[in-house]
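The values are calculated or read from the model by the stated rules, or taken from the named source; none is laboratory data. In this text, all values refer to a predicted model and were calculated from it rather than measured experimentally. Note: ideal-geometry Cβ built from the backbone for every residue, glycine included; neighbour counts use all protein chains shown. Each accessible area value is taken on the protein alone, full model and side chains, heavy atoms only, with ligands, DNA and RNA left out. Shrake-Rupley method; radii C 1.70, N 1.55, O 1.52, S 1.80 Å.
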Amino acid sequence: MVKALREWLQALEHLLLPPHSLCELCRERPALDVGACRICLDSLSISWEKRTVQGYPYFSLFPYQGFGRSLIQSMKFEGRFEIAAALGFLLGLACREEPVLAGVDLLIPVPLAPARLKQRGFNQAALLADNIVGIWKRPICSHIVRTRDTKPQSGLPLEERKRNLRRAFAVLPGCSFQGKTCLIVDDVITSGQTFFAIARLIEQYGGKPLGLFAARTEMFGSEEVAEELPGVQ
């Protein structure tokens, strides 16, 4: 009887005062409403920025360094899907408040090369997009595909990055981007060559391309312009 009463009181307590969920980034401290704790948010050095690659604008949430870099790597190489959930939620919040993105019609996750998708088992860009639309409702389009396996862009010189992506993407039949604003989504932007290749393809099909990335490096070309916007907390 005492045990049953104790269990009933515990159930009532959880109903009236539900336990705090853990931060999806550190898995140690109680999370705020955005799914991450204050310490992790501060460690990300969040600064919502707009930049361009050869005339194509994109937005990013934080610099690819320190804590943010380790999170991206854990998400990609350790399969920590809860990190994608937290970062996707933060990106969704930022997109919802960004006037430039109000007219976005489609989200387009950057496709992985087939061999890398088979090896990893998931596409981190698709995971981010899935979580973005949980708070910022937009259709996800998967009609852009990689036509061949390419070398990883990281570590390649700029000119080789360009050659590596020539004719690497295609639009599947039955898809029209005509007159649509398309938001290209990925985890990190470095030289911007992948983003540029997909943006140019979308434009060739009549669409207006924009970019969205969780993190950015400082590896920018001379044509790239940075514009810092108010931080997203």
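Values for this structure:
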{"read-out": "Point-to-point label distance, Phe67-Ala102, nm (Cα→Cβ direction, 7 Å offset)", "value": "3.3"}
{"read-out": "Exposure rank, largest accessible area first [Lys76, Lys208, Lys137; 1.4 Å]", "value": "Lys137, Lys208, Lys76"}
{"read-out": "Contour excess over end-to-end distance, with Cα ends at Arg120 and Cys26 and 0.36 nm allotted per residue", "value": "31.6 nm"}
{"read-out": "Mean projection area, nm², convex hull over Cα of the stretch 30-123", "value": "7.5"}
{"read-out": "Distance-filtered residues of the stretch 120-145 - backbone nitrogen under 14 Å, label point 7 angstrom along Phe77 Cα→Cβ", "value": "120"}
{"read-out": "Where labels lie 7 Å past Cα in the beta-carbon direction, separation of Ala113 and Gln54 in nm", "value": "2.0"}
{"read-out": "Theoretical gain in end-to-end length, Ser176 to Asp33 [0.36 nm per residue, Cα-Cα removed]", "value": "47.7 nm"}
